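Participant: Sharing a structure here in structure tokens format.
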């Protein structure tokens, strides 16, 4: 049997009606929010939803409110046709690709203030980013009132923001955070990887290598955060990344900086390779 392209829906009333009818029939609905330009990382989330739910809704919407004026909104890849082809391997899947005018009607001025866990790191480097993320995710949860929503660990702080928002605002939805999917050379899969030239792509592998070195130092007994961070900075600088936004070792729940390692931590990295901003992380359970 040939795989069928998923049903494509643009209308918000239609998708709510589909979800409610499925739930009335006793079916569990999973939600996978994306900005499109799908890769294996996204597909792993869809696969996880398909394994747990009777129906999966994948949203494809490049959200303008999470981009700063100097960021890559205009050139962010939009590949709806190939996204639909990739999703054909899963069934049943419905794709919601709403119009921007329906998501943000004329005169919209309401936004979600992100929780404290979004204050540091990405929150400092991209000041309005998490307000845009929290607002669109809550909107998507209202459009698609699924039982479970699936997010990737690669955007670790984003996942923390969404989990806290759901808790704080009593959203009746389970959040599952799924493991990072990596290229064979260790680079975390990202829609922005396609911006990298061949030489930049090679340079970018230092990010996952640096995470590996940091973990190894911890497992060999190093407990002083600054010693590990100094080594991380050396590794990234030696590989000639173009700039380093941050390298940090933080509490995996609060994301506050950890000075001395005495329990689980998360290492977070954000760098520019060429003009492309890449993030990665690793949770270490000692």
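Any read-out appearing in this document is the output of simple, stated calculations on the displayed coordinates, not a laboratory observation. Since this is a predicted model, take the numbers as computed values, not measurements. Cβ coordinates were reconstructed from backbone atoms using ideal geometry, including for glycine residues, and neighbour counts include every protein chain displayed.
Participant: On a 0 to 90° scale, report how tilted helix 206-219 is relative to the longest principal axis of the chain, with both axes built from alpha carbons and the result rounded to the nearest 10.
Facilitator: 60 degrees
Participant: How much mean residue ellipticity at 222 nm does the chain get from its helices, if each DSSP H run of length 4 or more adds -39500 (n - 2.57) and you divide by all residues, to the nearest 500 deg cm²/dmol? Walk me through the numbers on the way to the answer.
Facilitator: Details: 10 runs with 105 residues, N = 286.
Mean residue ellipticity at 222 nm (helix-derived): -11000 deg cm²/dmol.
Participant: Next question, about the same structure. Regarding the range 191-280, what are the three Cα extents along the principal axes, ordered largest first, in Å?
Facilitator: In descending order, the Cα extents are 40, 25, 17 Å.
Participant: Mean separation of Cα pairs under 8 Å and 6+ residues apart, divided by the residue count of the chain: what relative contact order is that in percent?
Facilitator: Details: 480 pairs, mean separation 47.8, N = 286.
RCO, the chain: 17 percent.
Participant: Here is a further query. Over every pair of different alpha-carbon atoms in the range 7-178, take the mean of 1/r and invert it; report that Kirkwood radius in Å.
Facilitator: Details: mean 1/r = 0.0609 Å⁻¹.
The answer is 16.4 Å.
Participant: Would you mind checking the tilt of helix 156-168 against the longest principal axis of the Cα atoms of the chain, expressed as 0 to 90 degrees and rounded to 10?
Facilitator: Orientation of helix 156-168: about 50 degrees from the principal axis.
Participant: Ranked by Cβ crowding within 10 angstrom, fewest neighbours first, how are 253, 60 ordered?
Facilitator: Details: 253 12, 60 23.
Least crowded to most crowded, the residues run 253, 60.
Participant: At a 10 Å Cβ-Cβ cut-off, how would you order 143, 218, 233, fewest neighbours first? Numbers along the way, then the final one.
Facilitator: Details: 143 22, 218 18, 233 13.
So the ranking, lowest neighbour count to highest, is 233, 218, 143.
Participant: On the first, second and third principal axes, largest extent first, how far apart are the outermost C-alpha atoms of the range 131-266 in Å?
Facilitator: On the principal axes, the range 131-266 reaches 47, 39, 25 Å in Cα extent.
Participant: Which of 230, 54, 83 has the fewest other C-beta atoms within 10 Å, and how do the rest follow up to the most? Walk me through the numbers on the way to the answer.
Facilitator: Working: 230 12, 54 15, 83 22.
Arranged by neighbour count, lowest to highest, 230, 54, 83 become 230, 54, 83.
Participant: So what are the radius of gyration and Dmax for the Cα set of the range 36-111, in Å?
Facilitator: 14.4, 41
Participant: What do you get for the angle between helix 129-143 and the principal long axis of the chain? Use alpha-carbon atoms, 0 to 90 degrees, nearest ten.
Facilitator: That works out to roughly 30 degrees.
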